Every structure is written in structure tokens, then in C-alpha cells.
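For reference, the structure is listed below as C-alpha cells.
Every number here is computed from the coordinates shown, using simple stated rules; none is lab data. Note that the structure is a prediction, hence the values are computed from the model and not measured. For neighbour counting, all protein chains shown are included, and Cβ atoms are generated from backbone atoms with ideal geometry for every residue, glycine included.
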Amino acid sequence: MLIAIAAETHPGECRVAATPETVKKYVAQGHTVRVAPGAGRGAAISDDAFVAAGATIAADGNVYAGAELVLKVRAPSEAELANIPDGAAIIASFDAQRYPHKRWLADKRLTAFALERMPRTSRAQSMDVLSSQANVAGYRAVLKACQYYPRFMPMMMTAAGTVKPARVLILGTGVAGLQAIATAKRLGAVVEAFDVRPVAREQVESLGARFIEVPADEGQSAETSGGYAREMSADYKARQAALIAERAREADIVITTAQIPGKPAPVLLTPETVETMKQGSVIVDLAVESGGNCPLSRMDQVVTTPNGVTVLGSGNLPSELAADASAMFARNVLTFAALLFDKEAKLALNFEDDIVEATCIAHQGELKNL
Ligand code: NAD
């Protein structure tokens, strides 16, 4: 099968959906791999490294010509769709609900797999780009906060005096939040964290952070059967807001990661709370793409409030760590793609497989799961 590795065209996107490591494996499986010139540049991968792994570089500029499978980080734009051969398969993070070119997928009879639809099961874990990229985002969020925070993170005892450790508050302790806790702890901060899912307590405490608990509503679990957070009652939200406001006043850095699939992100840090925060403190809002956990955050902007709080709305932190983010993304894609081929390296789809079924959003002229 001819696999095309595209150069990402979305503004600011530095990741790439394959690396020399995964190209080598596709080639060993019997595939032919063609890479767009410069596709790996943003991720510190040269064309030569792809060639050494067994790929060819699309010298004529059209990486898609004759491609049977296209690997991308982001869903194809209209211009890219025009170049992708009819009937080809595409694996990418489609953000399918909001993808504006769905009709094209059906009209061109493309088979499209939306990686963000990966089931949250043990078997799917190694293919889960939401997890791998959230891990990167959580790490990067802490470093980003440090960059704007005008003080040290760790406690220091020096001849010039003692420095107190930074107090970091993490709101939402899914994959990104847990990595943010681990990173802030490694830098020597005092960390506390909050999540609506009570099971998060053990994970937070095992990383050496303090868990802030808001007792759940009687008879209602904060977690869906899929392991995601549920939207909570007004009463719960009021109790949560009061506690978070109290903890945010004490914090030097607040990293918010709270999301509810398919819904706007919950507001956890109100403008009134931010007004009470310390001058020089920093907020990193990782949920900015889905509306933000802090209404003051703006996508990819640095906002400074009148009381001197810096609010960072970070939309694509994985792209800022593109080499490792791509390595993880590419491995997820490689593992997933293996489900789609038969022994002759031909596309052979088994819709009885829950992973194939859940991620496929278009096949043979029909849109699926949309
Ligand atoms: P996510 O990105 O959807 O949300 C981030 C966090 O925000 C979650 O922990 C959620 O509980 C929390 N949250 C939502 N509303 C909140 C509120 N009002 N206040 C505070 N926190 C709030 O979550 P995620 O990182 O994708 O992970 C969700 C769960 O799925 C976790 O338990 C994770 O360990 C699990 N998971 C399982 C697999 C797998 O088994 N394959 C893979 C990834 C994640």
C-alpha cells in the first residue's frame, strides 16, 4: 500500500504523523512510504532521515498522488482533500464533530478514521492520541507557566536569603493534569489538585500532591461509565466554586485542564476569583479550545489582568514540543494502522472490531458515527 505522510498546513502545527522509526516499520510490513518535502522540519526530522528509514520524498510536490493511505496530524483542509485520490483512507485527528468538510469525505468515497474517537479501553491505550498529546500538554503547561512566573519554583536556602516554593494548583486531573502535577513536583513546587471524579484522589496523592475534595451530590457519581467527568449540579458547582476560589487566592500558578466531552469546558476560575489572585501569579488554561476554564483566557494569547495576573490560553502545546509529541503520535498511528491491514498489507476493515467501528467516520460514500 502506498502511504503518504503529509506536511501539516494548519497554522502553527509543527507535528508530523510519522517518524523515521514508524516509517521503518511500515516499510518492513510491505508498504511503500512517500513523505512530503520538509514534513518533519518542525519536529526536527530531516528529509534525509525519512529516506534513510526507507521512504521516498515527494519531489514533484504532490505527496498524495496515487496514495492509498494518508497519515496526518490534523484533518485535511479543503485544498488537501482536492489532492487526495478518491477512495483513499485517511488517519488523522479530525475533531469530527466540528470538521467542516465532512461532505467531501463521502463524495470522494474516502475512508476516514478520527483518532480522537478512540475508545478509552486498555486495548486502545497504545493508539490513543488524546492521551499521548495530553501528556505532552500537561508537561509543557508547567514549563510555560514557569516562563511567565517571576519567581523560583523550588524552595531555596541561599546566602542571599530563603526562597519559598511556588504553590501550584491543578484543576482537572485527567492525563494532562496528572502530568502537570508530576512536572510541577519535579520542579520543587508545592502542588494541590482538584477533580470531580473521586477516583482521581488516589492518583493525585500517589504523585505527592494534596487532593482538594468537594463532596459529590448524594446518589450521583461524578463519572460516566466511560470514565469521563459528568456535568455536575448547580449546588455542587457553587460549593466547588467557593473552594476553588479559596485555593486560587493562595496559589502562584493555576493550570486548568477540565473538559467534558462534547460540551463546553466548565468555568472553574471566574473573573471575580482571578481578581483576588496574587500579583505575578500565572494561569495556564488548557481547555481554551473548548471555551476555557477561565473566561479571561484567549486562544494563543497572553492576557495580563489589571491586578497583574498572567493568563495563558494555550491551544496547541503539543506542537511546541513537536519532536516528542510527533514520536508519540506516530507510534499511536502505527499501532492503530496495524488493525486496518491484512497479511498482504492491503486495507481489510473489520467493523466487528470496536476500535475500527468507533473511529471510522466515513466509508464507501457514507458518513458514519456523525
Ligand atoms: P479530559 O481531557 O476529558 O478531562 C480532563 C479532566 O477534567 C478529567 O479528569 C475530568 O474528570 C476533569 N473535569 C471535568 N469537569 C471538571 C470540573 N468541573 N472540575 C474539575 N475537573 C473536571 O480527560 P482525560 O485526560 O482524557 O481522561 C479522562 C479519564 O479517562 C481519566 O480517568 C483517564 O485516566 C481515563 N483515560 C483512560 C484511557 C484508557 O483506558 N485508554 C485513556 C485516557 C484516559
### Query
By count of other Cβ within 10 Å, fewest leading, how are H10, H31 ordered?
H10, H31
### Within the chain, longest stretch free of exposed GluC sites (Glu not before Pro) [DSSP loop, at most 10 other beta carbons within 10 Å]
1-217
### Task
Compare the Cα positions of S290, V333, A176 along the charge dipole of the chain (+1 at Cβ of Lys, Arg; -1 at Cβ of Asp, Glu; about the Cα centre) and return the one farthest towards the positive end.
A176
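Where in the chain are the helices, taken as whole DSSP H runs, whose Cα atoms extend 27 angstrom or more along the long axis and whose Kyte-Doolittle mean reaches at least 0.0? Intermediate values should be presented prior to the final figure.
Numbers: long enough: 129-148 (28 Å, 0.32).
Long hydrophobic helices here: 129-148.
Looking at the chain, send over the antiparallel percent of its DSSP beta bridges, to the nearest 5. Can you show the working numbers first?
On the way: 12 of 49 bridges.
If we restrict to bridges inside the chain, about 25 percent are antiparallel.
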### Task
Give, as ranges by residue number, the residues of the stretch 354-369 whose backbone N falls under 18 Å from the point 7 Å along Cα→Cβ of T121.
354-361, 369
### Message
Checking the cross-link filter: which aspartates and glutamates have an alpha carbon closer than 15 Å to that of K144, excluding same-chain neighbours under 8 positions apart?
### Response
D252, D285, D300, E320
#### Entry: q = 0.19 Å⁻¹: log10 I(q)/I(0) that the Debye formula gives for the stretch 94-160, counting C-alpha atoms only
-0.89
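Averaging over every viewing direction, what projected area does the convex hull of the Cα atoms of the stretch 1-157 cover, in nm²?
Numbers: hull surface 50.5 nm².
That works out to 12.6 nm².
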#### Entry: Net charge dipole size for the stretch 30-188 [Lys, Arg +1 and Asp, Glu -1 on Cβ; Debye, nearest 20]
960
### Query
What lysines could a cross-link reach from K346, if we take a straight Cα to Cα line under 23 Å and drop same-chain neighbours fewer than 8 places away?
K24, K25, K72, K108, K368
### Message
Apply the a/c threshold of 1.5 to the C-alpha gyration tensor of the stretch 115-259 and tell me whether it is rounded, prolate or oblate.
### Response
oblate
### Task
Quick one: P(r) of the stretch 163-217 from all Cα-Cα pairs, 5 Å bins, percents rounded to integers, in order of increasing distance.
4, 24, 35, 20, 10, 5, 2, 0, 0
#### Entry: Linear extension gain, E202 paired with T305, 0.36 nm per residue minus alpha-carbon span
33.6 nm
### Task
State the volume of the convex hull built on the alpha-carbon positions of the stretch 59-102, expressed per residue in Å³ and rounded to an integer.
77
## Note on the structure
Taking the dipole of the chain about the Cα centre (Lys, Arg +1; Asp, Glu -1; charges at Cβ), the one of S131, G30, P100 that reaches farthest to the positive side is S131
### For R34, R123, order by how many other beta-carbon atoms lie within 10 Å, fewest first
R123, R34
### Message
If you average the alpha carbon positions of the stretch 85-107 and of the stretch 4-18, how far apart do those two centres end up, in angstrom?
### Response
16
### Query
When the dipole is taken about the Cα centre of the chain, and only Lys, Arg (+1) and Asp, Glu (-1) are charged at their Cβ, what size is it in debye, to the nearest 20?
620
#### Entry: Centroid-to-centroid separation of the stretch 138-205 and the stretch 319-345 [C-alpha atoms, Å]
31
### Query
In deg cm²/dmol, rounded to 500, what helix-only [θ] at 222 nm does the chain give when every DSSP H run of at least 4 residues adds -39500 (n - 2.57) and the total is split over its residues?
-8500 deg cm²/dmol
#### Entry: Cβ-placed point charges (K, R +1; D, E -1), dipole of the stretch 101-163 about Cα centre in debye, nearest 20
320
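For the stretch 1-55, what class follows from the C-alpha gyration tensor (a ≥ b ≥ c being the square roots of its eigenvalues): rounded when a/c is under 1.5, otherwise prolate if a/b is larger than b/c, else oblate?
Judged from the Cα gyration tensor, the stretch 1-55 comes out prolate (a/c at least 1.5, a/b above b/c).
Tell me, what is a quarter of the convex hull surface for the C-alpha atoms of the chain, in nm² with one decimal? Display every interim value, and only then the final one.
Working: hull surface 81.6 nm².
About 20.4 nm², averaged over all directions.
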